[in-house]
1. Considering only residues that are open to solvent by less than 70 Å² (accessible area, probe 1.4 Å) and either under 11 Å from the mean Cα position of the chain (by Cα) or acidic (Asp, Glu) (or both), which ones fall in the stretch 37-50?
2. Looking at the stretch 18-36 only, could you name the residues that are over 13 Å from the mean Cα position of the chain (by Cα) and among the polar types (S, T, N, Q)?
3. Taking the condition in contact (Cβ under 8 Å) with a residue 12 or more places away in the chain, open to solvent by 40 Å² or more (accessible area, probe 1.4 Å) and in a loop (DSSP other than H, G, I, E, B), does Ala31 pass?
4. When the residues of the stretch 1-26 are filtered to those that are part of a loop (DSSP other than H, G, I, E, B) and closer than 21 Å to Lys45 by Cα, which remaining residue is most open to solvent (accessible area, probe 1.4 Å)?
5. State all residues of the stretch 34-70 that are in a loop (DSSP other than H, G, I, E, B) and hydrophobic (A, V, I, L, M, F, W, C); if no residue qualifies, say none.
Amino acid sequence: KIIVAQAEKDGTVSVSQADYIAKIFSLKGKALTLVKYPGEDHVLKKVSSLENLCQQLASLANISADCKWK
């Protein structure tokens, strides 16, 4: 189980790299979840992005998590 989290304004890792990885996994028939965060740079800062990533990871691990940032 793999999640690729991509900030759409990432100045460190280009969006095309995340898209490329997702395409390769798809062509190989492998599961991968690609989650993009609009308006975010390499380090996520928006509360909504952080909460969503927490929820994505908890779901992937089949656990319950309180994904609320204050």
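The values are calculated or read from the model by the stated rules, or taken from the named source; none is laboratory data. These numbers were taken from a predicted model, which means no experiment stands behind them. As a convention, Cβ positions derive from the backbone with ideal geometry for all residues, glycine included, and neighbour counts pool all protein chains shown. These area figures cover heavy atoms from the full protein model, side chains too; ligands, DNA and RNA do not enter into them. Shrake-Rupley method; radii C 1.70, N 1.55, O 1.52, S 1.80 Å.
1. Scanning the stretch 37-50 gives Tyr37, Glu40, Leu44, Ser49, Leu50.
2. Taking the stretch 18-36 as the starting set, the residues that turn out to be over 13 Å from the mean Cα position of the chain (by Cα) are 20, 23-31.
If the condition is that a residue be over 13 Å from the mean Cα position of the chain (by Cα) and among the polar types (S, T, N, Q), then Ser26 is the only one that fits.
3. Working: in contact (Cβ under 8 Å) with a residue 12 or more places away in the chain: yes; open to solvent by 40 Å² or more (accessible area, probe 1.4 Å): yes; in a loop (DSSP other than H, G, I, E, B): yes.
For Ala31, the condition - in contact (Cβ under 8 Å) with a residue 12 or more places away in the chain, open to solvent by 40 Å² or more (accessible area, probe 1.4 Å) and in a loop (DSSP other than H, G, I, E, B) - is met.
4. Taking the stretch 1-26 and keeping what is part of a loop (DSSP other than H, G, I, E, B), we get 1-2, 8-14.
Applying the additional criterion that residues be closer than 21 Å to Lys45 by Cα yields 8-14.
Working: Glu8: 84, Lys9: 143, Asp10: 27, Gly11: 74, Thr12: 98, Val13: 51, Ser14: 47 Å².
Among them, the one singled out is Lys9.
5. Within the stretch 34-70, the subset in a loop (DSSP other than H, G, I, E, B) is 38-46, 61-70.
Val43, Leu44, Ala61, Ile63, Ala65, Cys67, Trp69 - these are the residues of the stretch 34-70 that are in a loop (DSSP other than H, G, I, E, B) and hydrophobic (A, V, I, L, M, F, W, C).
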